[in-house]
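Below is one structure, written out as structure tokens; comments come after it.
All of the numbers you see were taken from the coordinates with simple rules; none came from a lab. None of the values given here were measured: they were computed from a predicted structure. Cβ placement follows ideal geometry from the backbone for every residue including glycine, while neighbour counts extend to all protein chains displayed.
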Amino acid sequence: MMATAHPQLVFVHGIGGLRDAETERRQWLKALATGVRAAGQPELVSALTQGWLADVRFADYSDLFTAKGAQGGVAGEELDPSEEQVLAGLLEAMVDELTEQFPPESGTRDARIIEQARHQLDEASSGNQGVGGLGRRLVWVTTTLLQLPGLRQGAQWANAQAFALHLSQVARYLSRRGDKAALGAAVRSRVLEELDPVRPLVVVSHSLGTVVAYEALHEYEGPVALWVTLGSPLALGGVVLQRLVPRPPSCPERVGVWLNFWDRNDIVVGRPRLADWIAPSRTGVKAQTAPVKSAGVWTHTATKYLEHAEVAGPVVEALAP
């Protein structure tokens, strides 16, 4: 609980298209208020939504990706081989999670679609595809995956090209080579410029935003009362975990509490492995991981997570005076 200067609540988004920061801030705040009510604390909703409880910010870096993405292509520009491998790894993780939900032996249409996607992914990842060839073949995989009713109806992508383009943002952010490293630095700067080191801070990050927040908070010099990660790919082995900076991966030193939430139906998260594979800070803080359960196949949205009492309760408690 905070009893000093007016605290900050900062939202850090994940993959996707160009965003309107104020609209997103209101949507995330509305979902969080729903979760606060579910947590049995309706008396704090007005204080939260009116800004009395905290200064609520939405750290928007979406234009740093979409400016280059406007021309088309897998990511608006050809991915280098390392970035293509990250995109392939993300799709492989998604297919693995979907296979658990729809095993081949079930014989359902969904299971057949997933097996087709796996076959295409295996073909795309084998052999020499030439520059950009793997990226183009990975679009075939996303085309197949979007035949799944849950993804087609619940996800945010109009087509497979957009699906691949947005997933590739993870690869582009994690690129450390030459000029491309500047993109990651610019993204982190967008987050850090929203933070005031002299005030208490709660950070709620989602998807790629958890990777961004991980690295940004390692640079941050102010106190972080609570860091919440939602639908995080941080523990996706060689795809994300081994590319994090600093290495070896550890909890940022200024974080007081780290809560990580994953949904069983969220097909792009590392689930409980995050708590095992990222070391504690020098003060012993490490991720405390807990599952939540949402309806539907596609649960990888920040607002679905924020509506859960398990997520919203600790956030509002950390902000309350």
Of the residues D110, D179, D276, which exhibits the maximal mean-square fluctuation in a Gaussian network model of the chain defined by a 10 Å Cα contact cut-off?
D179
Most exposed to least, judged by fewest other Cβ atoms within 10 Å, F11, F58 sort to F58, F11
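What number, in percent, do you get for the relative contact order of the chain if the mean sequence gap of Cα pairs under 8 Å and at least 6 apart is divided by its residue count? Don't skip to the end; give the middle numbers.
Numbers: 601 pairs, mean separation 80.4, N = 321.
Taking the mean separation of contacting Cα pairs over the length of the chain, I get 25 percent.
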Tilt of helix 208-219 relative to the longest C-alpha principal axis of the chain, in degrees (0 to 90, nearest 10)?
50
Exposure proxy ranking, count of Cβ atoms within 10 Å, fewest first, for K293, K30, K286:
K293, K30, K286
Working out 0.36 nm times the residue gap between E193 and R247, then minus their Cα-Cα distance, what length gain in nm do you get to one decimal?
17.1 nm
State, to one decimal in nm, how far the label point of R109 lies from the label point of T143, with both points 7 Å from Cα in the Cβ direction.
1.9
With 0.36 nm assigned to each residue of separation and the Cα-Cα distance removed, N159 to H119 gains 12.4 nm
Compute the helix-to-body angle for 133-145: its Cα long axis versus the longest principal axis of the chain, expressed 0 to 90° and rounded to tens.
70
Between the Cα axis of helix 81-101 and the main Cα principal axis of the chain, the angle (0 to 90°, nearest 10) is 80
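For the chain, give the magnitude of the charge dipole about the Cα centre (Cβ charges: +1 Lys/Arg, -1 Asp/Glu; no others), in debye to the nearest 20.
So the magnitude is around 80 debye.
Mind sorting T99, T108, T144, T301 by how few other Cβ atoms lie within 10 Å of their own Cβ, fewest first?
Details: T99 16, T108 12, T144 20, T301 24.
Starting with the residue having the fewest Cβ neighbours, the order is T108, T99, T144, T301.
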DSSP loop GluC sites (Glu not before Pro) with at most 13 other Cβ within 10 Å excluded, longest remaining stretch of the chain
1-192
Candidates S82, S126, S62; GNM for the chain (alpha-carbon contacts under 10 Å) flags as most fluctuating S126
Of L90, L192, L306, the one that fluctuates the most in a GNM where the chain has Cα springs shorter than 10 Å
L192
For labels at D20 and Q101 in the simple 7 Å Cα→Cβ model, what's the distance in nm?
3.0
The chain, convex hull of Cα, quarter of hull surface, nm² -> 15.8
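May I ask you to compute the full-extension gain from T49 to Q288, defined as 0.36 nm times their residue separation minus their alpha-carbon distance, rounded to one decimal in nm?
Gain in length upon complete extension: 83.4 nm.
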Would you be so kind as to identify which of S125, P103, A88 lies farthest towards the positive end of the dipole of region 78-125, taking Lys and Arg as +1 and Asp and Glu as -1 on Cβ and the Cα centre as origin?
P103
